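*Asks:* Have a look at this one.
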Amino acid sequence: MVLVLALGDLHVPHRAADLPPKFKSMLVPGKIQHILSTGNLSIKEIHDYLKTICSDLHIVRGEFDEDARYPETKTLTIGQFKLGLCHGHQVIPWGDLDSLAMLQRQLDVDILVTGHTHQFTAYKHEGGVVINPGSATGAYSSINQDVNPSFVLMDIDGLRVVVYVYELVDGEVKVDKIDFKKASSTSTSPP
């Protein structure tokens, strides 16, 4: 079992002061093996805070990030899954499933993690999964002013990933899950 935290669009301090205290109390060092960020951390202090939770931190550049060294896209393999990471402002129309599926095929990944819309979404699509963890701080976006803070925790175990979404609604953390099983690749030898 490998735990992967996916979050992004924090926009600290421009659109939000910090992560909600209820989220901070849940995100403790030593539990999570990888962090994937869709960007728009905005300041180095958020990067440093995430490093205290887990040293294996993967970040792509959002349009408001100060650090220009973050790449536009990134791929990595965790267990049996190949994951792709992209902020999402580059995908037009924003949040469009067909456009995201095209990026997923271009990156050749099982799971695409993307952001920018600040709204949690998860789709099983074309044999893979497309996930947007939303905004971890609840920061507003140009397309949505009323945003519930959210993040995603993926539990990767063999050919199975369970995606847990944590969303802060009316001061309470709500959790939902999506279960995805990757088809095993079996090769057959000619007779």
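The values are calculated or read from the model by the stated rules, or taken from the named source; none is laboratory data. Note that the structure is predicted; figures quoted are calculated from it, not measured. Methodologically, a virtual Cβ is constructed for each residue, glycine included, from the backbone with ideal geometry; neighbour enumeration extends over all protein chains shown. Ligands, DNA and RNA are stripped out before the accessible areas are found, and what is left, the full protein with its side chains, is counted by its heavy atoms. Shrake-Rupley method; radii C 1.70, N 1.55, O 1.52, S 1.80 Å.
*Asks:* Go through (1) within 21 Å of His14 (Cα to Cα); (2) open to solvent by 40 Å² or more (accessible area, probe 1.4 Å); (3) within 15 Å of the chain's Cα centre (by Cα); (4) of a type outside the set (A, V, I, L, M) one by one and return the number of the condition Glu63 breaks.
*Replies:* Condition not satisfied by Glu63: (3).
*Asks:* Shifting gears a bit: Being farther than 10 Å from Cys54 by Cβ and part of a loop (DSSP other than H, G, I, E, B) is the filter here; which residues of the stretch 12-27 pass it?
*Replies:* Val12, Pro13, His14, Arg15, Ala16, Ala17, Asp18, Leu19, Pro20
*Asks:* All but one of (1) at negative phi; (2) in a loop (DSSP other than H, G, I, E, B) hold for Ala122; state the number of the condition that does not hold.
*Replies:* (2)
*Asks:* From Lys74, Lys44, Lys22, which residue is open to solvent by 50 Å² or more (accessible area, probe 1.4 Å) and closer than 21 Å to Ala122 by Cα?
*Replies:* One residue alone meets the criteria, Lys74.
*Asks:* I'd like to check which strands (runs of 3 or more DSSP E) are fully inside the stretch 34-86 and have at least 2 residues that are touching a Lys or Arg at 6+ places or on another chain (Cβ under 9 Å) and in contact (Cβ under 8 Å) with a residue 40 or more places away in the chain.
*Replies:* Per the criteria, 81-86.
*Asks:* Continuing with the same structure: (1) of a type outside the set (Lys, Arg); (2) in contact (Cβ under 8 Å) with a residue 40 or more places away in the chain; (3) over 21 Å from Thr77 (Cβ atoms); (4) in a strand (DSSP E or B): which one isn't true of Ile131, the others all being true?
*Replies:* The one condition Ile131 does not meet is (3).
*Asks:* Can you find, within the stretch 1-11, the residue that is farthest from Tyr164 (Cα to Cα) among those that are part of a loop (DSSP other than H, G, I, E, B) and open to solvent by less than 10 Å² (accessible area, probe 1.4 Å)?
*Replies:* His11
*Asks:* On the basis of being basic (Lys, Arg), at pLDDT below 90 and not in a loop (DSSP other than H, G, I, E, B), does Lys174 make the cut? Let's see the steps before the verdict.
*Replies:* Working: basic (Lys, Arg): yes; at pLDDT below 90: no; not in a loop (DSSP other than H, G, I, E, B): yes.
Considered against the rule, which asks whether it is basic (Lys, Arg), at pLDDT below 90 and not in a loop (DSSP other than H, G, I, E, B), Lys174 comes out as no.
*Asks:* Let me ask something else. I'd like the full set of residues that are out of contact with any strand residue (DSSP E or B) (no Cβ under 6 Å at 6 or more places or on another chain) and either of a type in the set (Asp, Glu) or within 18 Å of Gln119 (Cα to Cα) (or both), limited to the stretch 15-37.
*Replies:* Selection gives Arg15, Ala16, Asp18, Leu19, Phe23.
*Asks:* So which residues in the stretch 118-128 are without any contact (Cβ under 8 Å) to a residue 40 or more places away in the chain and either within 15 Å of Gly62 (Cα to Cα) or under 14 Å from the mean Cα position of the chain (by Cα) (or both), if there are any at all?
*Replies:* Gln119, Thr121, Tyr123
*Asks:* Another question, if that's okay. Answer yes if at least one residue in the stretch 136-145 is loosely packed, with under 15 Cβ neighbours inside 10 Å and part of a strand (DSSP E or B), and no otherwise.
*Replies:* Checking the stretch 136-145: not a single residue is loosely packed, with under 15 Cβ neighbours inside 10 Å and part of a strand (DSSP E or B).
*Asks:* Next question. For the stretch 95-109, give me the residue count where each residue is buried (at least 19 other Cβ atoms within 10 Å of the Cβ) and either among the polar types (S, T, N, Q) or touching a residue at least 40 places away in the same chain (Cβ under 8 Å) (or both).
*Replies:* 1
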